[in-house]
Each structure stands twice: as structure tokens, then as C-alpha cells.
Amino acid sequence: MTATAQSSDDLAPRVLAGERRALARAVTLVESTRPDHRAQATALIEALRGHGRQALRIGLSGTPGVGKSTFIEAFGMALVGAGLKVAVLAVDPSSARSGGSILGDKTRMELLSREAAAFIRPSPSATHLGGVARRTREAVALCEAAGFDVVLVETVGVGQSETVVAEICDLFVLLLSPAGGDELQGVKRGIMEMADLILVNKADGDLKPAATRTVADYAGALRLLRKRPQDPEGFPKALPVSAVTGDGIAGAWDEMQGLARWRKDHGWWDRRRAEQSAHWFEAEVREGLLARLRADPEVKAAMAEMAEQVAQGALTPDAAAAAMLGRLKG
Ligand code: GDP
């Protein structure tokens, strides 16, 4: 047996036993882009399959400054207080690091990071979205195997990271701040449609009236969206919370649990997870094919040439793609 196989064999039982150090090492392994690490990571994830544990995976999105880390600290502490194990992971495909706070940074969740029942993992240095998606998916799987009850996946409200998070999580929570006026805060319709719960944070002190108004605006906007079959009556919902005072946090958790229970009872939970697995299978095949294309210098050169011809209008995108795929077959 090679040293490579030994190290991942050794990790699996330790992750299953809930050893934090083993979990941290396992997450480091899935984050690595080295081909030998990748093979070990795949073997490890495969070895952990079938343990039968399921966490509630909650995606949490919001723009910088909306209060994500403050909320996760308060929410996470409430869950730990209720005897639950909580993991916090981050999806950060952009250069949001340079734009301010680092997602999932432990210093942003000081109390929670000291809890034995909490595991916080900042996002790895930015790579392409596909790599981040896989790493997050595998890290979520590791946390589930390690017996975490709740896995929070934090993302900053930019680009396509929400879509990735929605395809990984069971519930999607959008955190907003109180609006100054009565207009919606330029939240893209697509993101609204993904949300199961909109939490208007900072519903305290002087901001409380604005938060109440904002909740009403979003509740109205949500009612205009098409009813989704995976929702019980009243969902998606908008609620006020204050990460600072803790007001509304317990209620938000009740709503999340109620929604999860309803979806489990009505078959939507398993169906969603099955659809997500199918989605990621296809995504991996797509990524793998593209990687293979790029790895072959001849094919890569042909790609570049065809891209140029497409740009100049000498070839249609469809014809160029068909020609490229034809080469792959050979
Ligand atoms: P993030 O960038 O989304 O993680 O936001 P932070 O959690 O770092 O919070 C940004 C700012 O908003 C900080 O100054 C927080 O103290 C403040 N903040 C966060 N939650 C609340 C809240 O519930 N009420 C009030 N008044 N301020 C808050």
C-alpha cells in the first residue's frame, strides 16, 4: 500500500469519530489542487460515503457589512447552546478578500471559534468557481461525516457564488440590512427566487422602523414570486432579526427547522439532494472534459484559433464547438 493510500485510509475513521484535527486535515486535503492530493481526497470522500449522517446545510448570503459574521456568531452560539454541533464554511470565489473582511475568518466569530462544538473554516485562496464549488461540497460532506448537525455555508453576495451555494445546501438564507427608502435594495430577482428565508438584520435601535418596513417590502415582493412546490404555505418568508441583540434569532431557527421538517415529510428533501448530486456529477464531467481539452497543447491551440475565428465571425460558435467536440471523439 502506498503512503498516499495509507494517509487517507487513516483519516476516514478519525473523521467519522468527529476528531476535529482529522477534519481540519481532511478539509486541507480537499482544498489542495495537487493531483496526488486530489486522488486522496476523492478516495477519502468515497470511503466516507454511506455513513448515513445528514446535517442541515444552510447557505447564508449577504453583501459585505450586512452583518454575516455577527449573525453567524449569534446564531452559531444559539445552536451550540441548544446542544448542536455547528460548522461554518465559506465560498469566496471572487477577490472579496481584498474588498474587506475575509469570509469565515475566525476572528470575526470570536466566541463561536472557541467552542468545542464549532468548526470554522475560512475560504481558501481564490481559485476558479468550479474548484471552489468542489472544495465546498467536499468540505460539507466531511463535516456531515464528522457528525455536525448544522453546516453553514457563507457567501458574499456577488457573482455566481449564490447559485453554487444553493446547489450545495438544503436551505438558502439571504441576509439584508434595513433600506433607507422603501425601494428593494437592488437584490437580483434570481437571488430572491433562491431564498427560502430573507432575514433583515440590524432590526434594533434607530434602525428598527426601517427594518420593519424593509421586511414588509420583501414579504410583498416574495408573494409576487411564483409559488414553488417545495414550499409549505407562507414560504419563502421575510423576518426581522438583530444579530447584536439576538432578537429574532430563535424564531429564524424555528422557521428553518420547520421548513426542513416539512420538506423531509413531503419528499422534497431527498429529491433535492438527489438532484444536487446529479447536477454535480454533470458539472464534474464538464470540468473534467474542459481540463482535458486544455491539457492537450494541440487541442488548446486549435481552441484558441477557433475562438479567434468565432470572434471574427468566420465561424459560428455552434459550428466551432461541434468541430472541437468532433476532435475529442477521435
Ligand atoms: P459582514 O461583512 O456581513 O460579515 O458584516 P459584520 O458582521 O462584520 O457587520 C458589519 C457591521 O454591522 C459591524 O459594525 C457590526 O457591528 C454591525 N452589525 C452587525 N449586525 C448588527 C445588528 O444586528 N445590529 C446593528 N445595529 N449592527 C449590526
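The values are calculated or read from the model by the stated rules, or taken from the named source; none is laboratory data. Everything numeric here is computed off the predicted structure, so don't read it as measured data. No Cβ is skipped: glycine too gets one built from the backbone with ideal geometry, and neighbour counts run over all protein chains shown. Ligands, DNA and RNA are stripped out before the accessible areas are found, and what is left, the full protein with its side chains, is counted by its heavy atoms. Shrake-Rupley method; radii C 1.70, N 1.55, O 1.52, S 1.80 Å.
Along the Cα→Cβ direction, 7 angstrom out, place labels at ALA278 and HIS51. What is the inter-label distance in nm?
Result: 2.7 nm between the two label points.
Residue separation times 0.36 nm, minus the C-alpha to C-alpha distance between ASP296 and ASP206: what's the value?
On the way: separation 90, 0.36 × 90 = 32.40 nm, distance 6.06 nm.
Full extension from ASP296 to ASP206 adds 26.3 nm.
Taking Rh as the Kirkwood radius, which is the inverse of the mean 1/r over Cα pairs, what is the Rg/Rh value for the chain?
My calculation of the ratio gives 1.01.
Which pairs in the list LYS68/LYS227; LYS188/LYS237; LYS68/LYS237 are over 20 Å apart, alpha-carbon to alpha-carbon? Mind dumping the intermediate values first?
Numbers: LYS68/LYS227 28 Å; LYS188/LYS237 17 Å; LYS68/LYS237 18 Å.
In this structure, LYS68/LYS227 exceed 20 Å between Cα atoms.
Could you pull the Cα extents of region 279-329 along its three principal axes, largest to smallest, in whole Å?
So the three principal-axis extents are 34, 23, 18 Å.
Please report, as a whole percent, how much of the solvent-accessible surface of region 198-320 comes from carbon and sulfur atoms (probe radius 1.4 Å). All intermediate terms of the calculation are to be shown ahead of the outcome.
Details: 4190 of 7460 Å².
Carbon and sulfur together cover 56 percent of it.
Could you order the peptides 199-212, 250-263 from most to least packed, using the average number of other C-beta atoms within 10 Å per residue? The partial results should precede the final answer.
Details: 199-212: 19.2, 250-263: 16.4.
Descending packing order for the listed peptides: 199-212, 250-263.
Using a 1.4 Å probe, what is the accessible area per residue for the chain, in Å²?
Working: 16290 Å² over 330 residues.
Heavy-atom SASA per residue in the chain reads 49 Å².
Provide the FRET efficiency to the nearest 0.05 for the THR33-ALA321 pair, computing r from the beta carbons and using R0 = 22 Å. Please report the intermediate quantities before stating the final value.
Details: r = 27 Å, r/R0 = 1.23.
According to the calculation, E is roughly 0.25.
Summing +1 for each Lys or Arg and -1 for each Asp or Glu, what net charge is found among the other residues whose Cβ lies under 12 Å from the Cβ of LEU293? Before the final figure, lay out each step's value.
Values: positive: ARG286, ARG292, ARG294, LYS300, ARG327; negative: GLU287, ASP296, GLU298.
Taking every Cβ under 12 Å from that of LEU293, the sum is +2.
Sorted by accessible area (1.4 Å probe), largest first, how do LYS85, LYS188 line up?
Details: LYS85 60, LYS188 140 Å².
From most accessible down to least: LYS188, LYS85.
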